[in-house]
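The values are calculated or read from the model by the stated rules, or taken from the named source; none is laboratory data. Predicted model only: the values in this text are computed from it and were never measured. Ideal geometry is used to build each Cβ from the backbone, glycine not excepted, and the neighbour counts take in all protein chains shown. The area values use the complete protein model at the heavy-atom level, side chains included, leaving out ligands, DNA and RNA. Shrake-Rupley method; radii C 1.70, N 1.55, O 1.52, S 1.80 Å.
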Amino acid sequence: MDVTLHLAQDPEADELLGRSPLAALVGMLLDQQVPMEWAFKGPSSIARRMGAEDLDAHDIAAYDPDAFAALLSEKPAVHRYPGSMAGRVQQLCRYLVDTYDGDAEAVWRGVDSGKELLKRLQELPGFGKQKAQIFLALLGKQLGVRPEGWREAAGAYGEADSFRSVADITGPESLTKVRAYKQEAKAAAKAKASGD
């Protein structure tokens, strides 16, 4: 895996996301209740604070939980909820160590179908169906991981030329389009909930 991503809108953080499968997974895990760029800058901040150039699932899984939470809480915090997200990142890394010997790329390496890949992604701690579909779309659209049926398995997020999620962000212009889509979707959901 060695591509140029533009999810954090920060060259150093994006470089790590483009070469590190674990960083990409951790960024996706952090992508909730904070701006996308903040979430995807998180893996770079964690690596730097651990004194490393990349994330290592074994190291994170074995880290003292209180110390790891403190690491994510340092200013500027890695997430709005650094303590709970530290626990989730460690849970994800423990799962990767137990299931894939710490090799995050093994989650998708050699998978034959989009359906199987979606199943594997949904088995990851912290990855519900929507998050798994978005990450599957990111793998297919930007990271060249395209097992048969990947677009269908990714649902609407797999559609070509759409601007629904991080899978569609390739620079500032597409980020603006994704933000606009999310705001429209949120407004529509709010209107529906209030019975308009």
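Under 12 Å from the Cβ of Lys182, count the other residues' Cβ atoms, weight Lys and Arg +1, Asp and Glu -1, and hand me the total. Let's see the in-between values first.
Working: positive: Arg164, Lys177, Arg179, Lys186; negative: Asp31, Asp168, Glu184.
Here the charged neighbours net out to +1.
A straight Cα-to-Cα reach below 17 Å connects Lys75 with the aspartates and glutamates Glu37, Asp66, residues fewer than 8 places away in its own chain not being considered.
Could you work out [θ]222 nm for the chain from helices alone, using -39500 (n - 2.57) per DSSP H run of at least four and dividing by all its residues? Round to the nearest 500 deg cm²/dmol. Write out the running numbers ahead of the final one.
On the way: 10 runs with 117 residues, N = 196.
Counting only the DSSP helices, I get -18500 deg cm²/dmol.
Ligands, DNA and RNA left out, the accessible area of region 10-114 computed with a 1.4 Å probe is 48% carbon and sulfur. Surface analysis of region 8-108 yields an accessible area of 42 Å² per residue, using protein heavy atoms and a 1.4 Å probe.
Assuming 0.36 nm per residue, please report the length gained on full extension of the stretch Gln32 to Glu74 beyond their Cα-Cα distance.
Working: separation 42, 0.36 × 42 = 15.12 nm, distance 1.91 nm.
Net length gain for the segment: 13.2 nm.
At an R0 of 25 angstrom, the distance between the Cβ atoms of Gln130 and Asp103 translates into a FRET efficiency of 0.50.
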